[in-house]
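Step one of this worksheet: look at the structure below.
No value in this document is a laboratory result; all are computed from the given coordinates. Bear in mind that the values here come from a model prediction, so they are computed numbers and not experimental data. In this analysis, Cβ positions are derived from the backbone assuming ideal geometry, glycine residues included, and neighbour counts consider all displayed protein chains.
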Amino acid sequence: MFLTNRKQAIFVLLLLVALLVSACGGGGAGRSGDDGASESPDTTKSGKQEKVTLRVINWKDYGSDDTELVGQFEELYNVKIEHQYMASEEELLTQLRIAKEGTIDLVLPNASILPAAIEEGLLQEIDVTQLSNYDSIYAPFKSLKENVKDGKVYAVPWVWGSTAIAYNPDKIQEPIRSIHALWDEKYKGRIAFRDDFNDAIMTAAIALGQDPNAPSDLDAILNKLLEQKPLNRTYWKTGDEFSKLYAGDMVDIGLMWSGQTATMKQEGLSIRYVIPDEGAIGWVDNWAIPKGSKNSELAHKFIDFLISKEFQEAWVNKGGPAPVNKNVSTSLDPAFVEEMGLNEAAIEKLYFISYHTPDEKEQWNEIWQKVKAQ
Amino acid sequence: MNRRIWLMSPAVFLLLSFCVVPLLIMVYYSFMSDGAGGRFTLQHYANFFQKDFYLRLTWKTIRLSLAVTAISLLIAFPMAYVMARIIQKGRNLLLLAILIPFWTSQLVRAYSWQNLLRDGGLLELALRKLHLIGEGSLGLLFTPYAVVIALVHIFFPYMVITIYMSLEKVDLSLIEASKSLRAGPFTTFRRIVLPLCKPGILAGCILVFVPCLGVFVEPRILGGTDGTVIGMVIEDLFFEIYGWNFGAAISFLLLSMILVVLAAFSRLSREEA
């Protein structure tokens, strides 16, 4: 009935084969078990020795899953680093809440979920005496209020960055200095703002001169964001969306992360980053160990490795975000340091994202939904 | 009852445990206040109706889904008709052509549309070569039109299949009888064929309209700043701020609207029988 002759049969067969091959080739967005650490190193010496698996939840392509960078740690301690990827901090919090104890060894929370995670007893205390590189961290980071509770440290800062303006210096000749560039009619239709309620509210607050962590006039912020909306080409949510827009010459200027801008520079794109005079959003990513992890000591060693000068320097040179280890910036190109804001002076201009209660978050989210729905 | 009805039990079990029960759980949570100590509350539903933009957004999404359904019907019906009544030999090949897109992920197809519709993309270049548009940008990407195009592309195969199936069932002898009573082809179509394939059309419309109402990937990738739909609000509530209860409430409201529409459709189809 269906395959009535050989020609049809061969045709369908070829089609199926073509589809199978193309399906094997790429992957879509989403989770992947052990993307970075899938090649097992040549440890034929240890032979039958059981390899410990360290389970990490992190963003995709974010340092800890880079085989080149963490390969030496894996070999040194005979450990396999296995990754699960998160798409948002809230998702990580959910994971911590529902995961069985002992199934995850390391996670990367930031200030927005740390207090909740610590309060709910999801994280175990970090023994900083096990971290030889802890003292090399910039002082302001060691006293972030979200990382500490009752004098106990629950999270170790790892990398930090800012969310400010990235633009195309070939298309925009005069250097950008103010955050109001995102509201400039000159760039109408070539701006890409971020579709994220936190970034949106905080950026608008900075533009209005309010404290981004405690905005005083949310109605003014709503109107400011509505003002900005028609000037955009579109909103972007995940980093690769912005990359596609920028590389495809669809936008010239946008709200962007320092880390990804550095990576895009590395890949050869002509892009410039600037922390506006009015200030910008700052964020810190921290490592934490979930309660019940069976590899606590190994996790501590991995954290120590990740905050070491060697790792942080290697990663920054590969295009990673700003290191917390103060010994690194001495070995970097001063122009690069200046532009990306990798020095104390720039850290001063940043408003680091602090914790907000669920009610506050809901309120902010609703304002942003209102802007988008208009 | 025939004992063989128990053959249905695996399917029924799956449907009950993985569709019905989760839905009921969702409904339960939509009536609970946020946080650990949940109490019964109508606050989430009140919130939805108090903030006027949620209703406006839902209405916008309904309009989008209606547009997609209507365009899909306009494209799918002629194709199904040709496949069922006119072509004899290439039928299966055409069916295969309709089914092939299902083997590609929806996300990949959305990104492909982004590539096709962008400035300097294939569509713009082709239209410019054919002198159908001038030098300016095509202006399709990052507008609701791009979303409609992509959604039609994704959903019209469902319509083709359901209409084709019901058209195929039309008894040829009825057509002959109508011809013998000296009815012209158009009258035959209008009074015999169309009423008989109404169930197929209605089923196709449901298969397109309902998923469109909940779509959130394509509007985000292709819709630009004006492309927000209610599905994106629900997505943000679940992934961005852990407002699951409110998200559940909006979802349940959407579900109720769909059930009302389905009830109306089923009344329509029963009247025709």
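Just a few scattered comments:
- Average other protein chain Cβ within 10 Å of Cβ, residues A:358-367: 4
- B:K169 paired with A:E125, simple spin-label distance in nm, labels 7 Å along Cα-to-beta-carbon: 7.1 nm
- Ellipsoid semi-axes in whole angstrom, largest first, where each is sqrt(5λ) of the Cα gyration tensor of region B:36-126: 40, 21, 16
- By definition, a body whose alpha carbon gyration tensor gives a ≥ b ≥ c is oblate when a/c is 1.5 or more and a/b is not larger than b/c, and region A:244-374 fits this oblate description.
- Each of A:M250, B:M79, B:M159 was scored by other Cβ atoms within 10 Å of its Cβ. Arranged with the fewest first, they read B:M79, A:M250, B:M159.
- Counting DSSP beta bridges with both ends in the protein assembly as shown, the antiparallel % (nearest 5): 60 percent
- Low-density loop positions, GluC sites (Glu not before Pro), region B:128-206 - DSSP coil, at most 15 other Cβ in 10 Å: B:E135
- Treating each Cα of region B:84-150 as an identical point scatterer and summing with the Debye formula, the log10 of I(q)/I(0) at q = 0.16, 0.18, 0.24, 0.25 Å⁻¹ comes to -0.72, -0.79, -0.96, -0.99.
- Listed residues A:H300, A:H180, A:H83, most fluctuating in chain A (Gaussian network, C-alpha, under 10 Å): A:H180
- Helical content of chain B, expressed as a calculated mean residue ellipticity at 222 nm, amounts to -21500 deg cm²/dmol (DSSP H runs of 4 or more residues, -39,500 (n - 2.57) each, divided by residue number, nearest 500).
- Fully extended contour minus Cα-Cα distance, from B:A263 to B:S17, at 0.36 nm per residue: 86.2 nm
- Looking at chain A, the DSSP beta bridges with both ends there are about 55 percent antiparallel.
- Remark: B:R128, B:R63 ranked as B:R63, B:R128, counting other beta-carbon atoms within 10 Å and listing the fewest first.
- Coarse-grained scattering of region A:139-183 at q = 0.32, 0.34 Å⁻¹, given as base-10 log I(q)/I(0) from a Debye sum over alpha-carbon atoms: -1.23, -1.30
- Mean projection area, nm², convex hull over Cα of chain A: 25.0 nm²
- Kirkwood Rh in Å, taken over all unlike Cα pairs in the protein assembly as shown: 28.2 Å
- Taking a span of 24 Å or more along the helix axis (Cα atoms) and a mean Kyte-Doolittle hydropathy of at least -0.5 as the rule, the DSSP H helices of chain A that qualify are A:6-25.
- Neighbour counts of other Cβ atoms within 10 Å put A:E313, A:E297 in the fewest-to-most order A:E297, A:E313.
- Loop-located trypsin sites (Lys or Arg not before Pro) in region A:137-194 (DSSP state other than H, G, I, E, B) with a sparse environment of at most 15 neighbouring Cβ atoms within 10 Å: A:K145, A:K171, A:R177, A:K188.
- In order along region B:47-63, the phi-based Karplus estimate (6.51 cos²θ - 1.76 cosθ + 1.60, θ = phi - 60°) of 3J(HN,Hα) comes to 4, 4, 7, 6, 7, 4, 6, 5, 5, 5, 5, 4, 4, 4, 5, 4, 4 Hz; Gly and Pro are listed as x.
- Restricting the trypsin sites (Lys or Arg not before Pro) of region A:44-132 to loop positions (DSSP other than H, G, I, E, B) with no more than 15 neighbouring Cβ atoms within 10 Å leaves A:K45, A:K48, A:K51, A:K100.
- Evaluating kT/(6 pi eta Rh) at 25 °C and 0.890 mPa s, with the Kirkwood radius of region B:51-272 over Cα pairs in the Stokes-Einstein relation, gives 125 µm² s⁻¹.
- Most mobile listed residue (A:G268, A:G279, A:G121) in chain A, GNM with C-alpha springs under 10 Å: A:G268
- GNM on chain B, alpha-carbon springs under 10 angstrom: the most fluctuating residue among B:L73, B:L237, B:L123 is B:L123.
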